[in-house]
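What follows is one structure encoded as structure tokens, with my remarks underneath.
The values are calculated or read from the model by the stated rules, or taken from the named source; none is laboratory data. Quick caveat, the model's predicted, so the values are computed rather than measured. When we count neighbours, we look across all protein chains shown, and the Cβ atoms used for this are built from the backbone with ideal geometry, even at glycine. These accessible areas exclude ligands, DNA and RNA; they are computed on the full protein's heavy atoms, side chains included. Shrake-Rupley method; radii C 1.70, N 1.55, O 1.52, S 1.80 Å.
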Amino acid sequence: KQWYQRRVAITAGNKLYFEDASIKVPVSSMSGMDEISEDERVRIASDFIMAAPPGEFKEVVNDVRILLGDDRLLTRASSVFYDYATEQFTTVKVEDKDTLVTKHGSLDGSKRFVDPTTSKAFTYNYLKNEASDVEAVEREADVEKWRTAVESALKPYMDEVYPSHVSAVYGALKEDQVTLTICLEDHKYNPNNFWNGKWKSKWELSFPTAGGYGKLVGAMRVQVHYYEDGNVQLLTNKEVDESVQISSPSEGAANVVEVIKKAETEYQIAINENYRTMSDTTFKALRRNLPITHALIDWHKLHGFQVGKDIMNRS
């Protein structure tokens, strides 16, 4: 499978091994291995699951299950399902509405989450990507005016920039300090053409209930996996720290969205520019543009070259 190629090596004796730190585990007989302990096998399996590219979680879990050959060990490794789903901002439908699975919406640190827009709590099934046991929960009234203002101001920007976006704005109040956590996600999965990609960003805003200036900290992340006849991944991050004026819910929300829009646009432009630069420098350095003769090869006349004769003679 493509997802674990970066941890695979061929060793002596023509055996295929996983390479993980100082441990080497033969793929062909991982379920019957005595060389390493069960704890180590569970750790390795958990690492593979956590490294699953976006949109490929089920495929990785199925392959890990085959490699382990023991559902009891897979059950132990499944303890990382929560961490993976919440770190990826996994999307799920709750009563026909898309929402995010995040740590900020977790109610029990395990399977119960809340959609802050609808105030619906639900149980999440990691393997089926389904929500069940949906029920209403109470909103935190003192912070709701700030939360809904940001949520409303965010929608036009998301509709303009992200084709299939899902977002969630969480609010909390501790003493006289309001904290809003804004989670944004958009993805495009195209396994038929061997690529998947995800954009996600998280913005945390803290400010006093009386208003004034708030601190806005953002973290943006892009991950793309291309695996047709190879295994190439892009993983890039950027963090932002800004001060935002918060005088009222509506004005504060507008200022927050303006900062988010500016930062994410600059990040996207920087990524595009970096690829243009790499195309002209890095990628070209990987291969010679012309043979040492500085002339293009006419492949139709290959038989006239000595190398062509050698190849035909050997065949």
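List of remarks:
- Of all accessible heavy-atom area on region 133-238, the percent that carbon and sulfur account for (1.4 Å): 49
- In Å², nearest 10: area of W199 left accessible to a 1.4 Å probe: 30
- Shape of region 69-163, Cα gyration tensor, a/c cut at 1.5: prolate
- Computed over the Cα atoms of region 122-205, pair by distinct pair, the Kirkwood hydrodynamic radius stands at 15.2 angstrom.
- Summing +1 for each Lys or Arg and -1 for each Asp or Glu among the other residues whose beta-carbon sits under 14 angstrom from that of E175 gives -2.
- Across the options W195, V94, L154, the greatest Cα extent toward the positive end of the charge dipole of region 57-200 (unit charges at beta carbon of Lys, Arg, Asp, Glu) belongs to W195.
- Accessible-area order (highest first, 1.4 angstrom probe) of the listed residues E40, E95: E95, E40
- The residues of region 44-120 expose, per residue, 41 Å² of accessible area to a 1.4 Å probe.
- Residue-wise HN-Hα coupling along region 93-104, computed from phi with Karplus coefficients 6.51, -1.76, 1.60 (Hz; x: Gly, Pro): 8, 10, 6, 6, 10, 6, 9, 10, 9, 9, 5, 6
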